[in-house]
Amino acid sequence: LDFPAIWEVVTLEDVNSSVLGQDLFLGSSALGSSAPVVSFAGASTVVNEDGGSFTLSVQILNPGPEAVSVDVAFDVVNSSASLADVDNFTAQMVTFPAGSSNGDSRDVTVNITDDAETDLGEEAVFILENLQTAGDARIGGNRSFTASIIDDDTNIPQIYISEIADPADNYDARFIEIH
């Protein structure tokens with residue numbers, strides 16, 4: 001409750017003569033700077049099972065003077081794909097060194113296993129976890145990334161439309177014959 005020790009009294013003239021970036025300028029203050037945020041650069045991708053691999057891009061916004069590290073991990077609980085579908089992916093740490101620039105990114109490559117199993121497609125979900133920093137960085141924005149893996153083993157039989165009938169423009173007699 002010792003307000004004079006915490007608050008500083010300033011005059012209206014000082015506020016009016018301040019410029020952007022100074023603490024006295026309304027709407028800007030070093031006290032209100034944004035904390036560094038680590039996130040996936042995107043939220044999802046679609047990849048064919050025989051596509052080989054895809055890339056997860058992790059970015060940092062508002063970097064501070066401290067290094068920031070975070071693990072990219074496979075989310076077993078929320079994935080319909082198994083670890084075998086993503087080449088037994090193991091968590092990988094990405095690090096943004098002190099002095100990183102706003103929007104810097106680090107890429108992690110995920111390999112797809114082309115199995116011979118017929119399935120309806122799967123989703124592999126990846127998350128950011130285990131943030132390590134000496135500063136006030138946090139995980140935010142796109143905290144998870146979903147890769148939809150389209151199966152290449154499903155056998156779709158050929159279908160032929162052998163007849164289309166529209167007799168005398170009578171909607172009760174219209175039909176399509178499929179073979």
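The values are calculated or read from the model by the stated rules, or taken from the named source; none is laboratory data. Just so we're clear, the structure is a prediction, and the values are computed from it rather than from any experiment. All Cβ positions, even for glycine, are placed from backbone atoms using ideal geometry, and neighbour counts span all protein chains on display. Heads up: the accessible areas ignore ligands, DNA and RNA and are worked out on the full protein's heavy atoms, side chains in. Shrake-Rupley method; radii C 1.70, N 1.55, O 1.52, S 1.80 Å.
Kindly write out, for the stretch 62-73 in residue order, the coupling ³J(HN,Hα) from the Karplus curve 6.51 cos²θ - 1.76 cosθ + 1.60 (θ = phi - 60°), rounded to whole Hz, with x marking Gly and Pro.
6, x, x, x, 9, 5, 10, 10, 8, 8, 9, 10
Would you kindly find the accessible area of Phe145, with a 1.4 Å probe and non-protein molecules such as ligands, DNA and RNA excluded, rounding to the nearest 10 Å²?
10
Where does the charge balance sit around Glu8 when Lys and Arg score +1, Asp and Glu -1, over other residues with C-beta under 11 Å from its C-beta?
-2
Net charge near Phe96, counting Lys/Arg +1 and Asp/Glu -1 over other residues with Cβ under 10 Å of its Cβ?
With Lys, Arg at +1 and Asp, Glu at -1, the neighbours total -1.
Note the full-extension length gain between Ala35 and Asp166 as 0.36 nm times their separation in residues minus their Cα-Cα distance, in nm to one decimal.
40.5 nm
So, R0 is 41 Å and r is the distance between the beta-carbons of Val15 and Asn62; what FRET efficiency does that work out to, to 0.05?
Efficiency, from the Cβ-Cβ distance: 0.95.
Please report the accessible area of Glu129 (heavy atoms, 1.4 Å probe, ligands and nucleic acids excluded) in Å², nearest 10.
Probe radius 1.4 Å; accessible area of Glu129 about 70 Å².
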